[in-house]
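Throughout, read-outs are computed from the coordinates displayed, never taken from laboratory work. These figures come from a predicted structure and were not determined experimentally. Quick reminder, even Gly has a Cβ in these numbers, built from the backbone with ideal geometry, and neighbours come from all protein chains shown.
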Amino acid sequence: MFNTIARPMGSRGGSGAMFDTIAKHYDRLNRLISLGFDRRWRKAAVNALTLPPEARLLDIATGTASFALEIARRHPHCHIAGIDPSDGMLRIAQTKVRAAKHPAPRIELLRGAAEALPVAAQTLDAVTVSFGVRNFPNRARGLSEIHRTLKEGGQLVILELCMPHGHFLSSFACRYVRRIIPLVGRLWARRAPYQYLTQSMNAFPPETDFAQELHQAGFRVHAQRAFMWGTCHLFVAEAIHAAK
């Protein structure tokens, strides 16, 4: 099905040890710390996808496959692969895919990292990343790899968390991210991954700067949308191979 992808789930590559420690709590904690809005954000991202029949899509940092499953529900004829460096997350994802009511065999799960995608050049119709670009060890290389794998005009849809600004409720949202999220993580799971969440949100560039990074990687950004006072951003872009 995805014969350009050769690295199966469980093979070596990438590093997801930190996320292995929270895999069993991950979906529940996402509901909790996002106040339930993460589902709405994913649905908005799926609404932004424009896919041809029998499209080939790669979901990077697929985690427990929540986004991949939402795409499969909306686009049942799409061939989907989800890739993630965490075996713990992928085990949960595999269980969810097997339990799905729609035809799940179109979703393949692979272990690997964005910086070295096991995909042939210009073979994908779309790439999605939900809450994972912050975790790329080398963001420029990861975006370059995504660009390499997409066909001309292929779509990139990214959902990402960053520190909110520019809204009259931004200061409240910042306090929530910096104080409440690590507390919830400490109570429900190991503390480190949720301290890291706050740190990575702080380190992620503002939306205008990240849009410029996409442009430098060879993408044309068509749409940007902010959610929850700027805590979450949606980016919709297409790959341009003729000229960067």
Along principal axes, Cα extents of the stretch 28-122, largest first, whole Å: 38, 28, 25
Under Karplus coefficients 6.51, -1.76 and 1.60, residue-wise ³J(HN,Hα) of the stretch 210-222 in Hz, glycine/proline x: 5, 4, 5, 4, 4, 4, 5, 7, x, 10, 9, 7, 9
Sequence-distant aspartates and glutamates (8 or more away, or on other chains) whose Cα lies within less than 17 Å of Lys151: Glu54, Asp59, Asp125, Glu238
Potential extension, Arg28-Gln199 segment - 0.36 nm per residue separation minus Cα distance: 59.5 nm
Difference of contour (0.36 nm per residue) and Cα-Cα distance, Ala140 to Arg40: 33.2 nm
Ala242 paired with Ala121, simple spin-label distance in nm, labels 7 Å along Cα-to-beta-carbon: 1.9
Spatially proximal aspartates and glutamates relative to Lys24 (Cα-Cα < 14 Å; intrachain offsets below 8 disregarded): Asp87
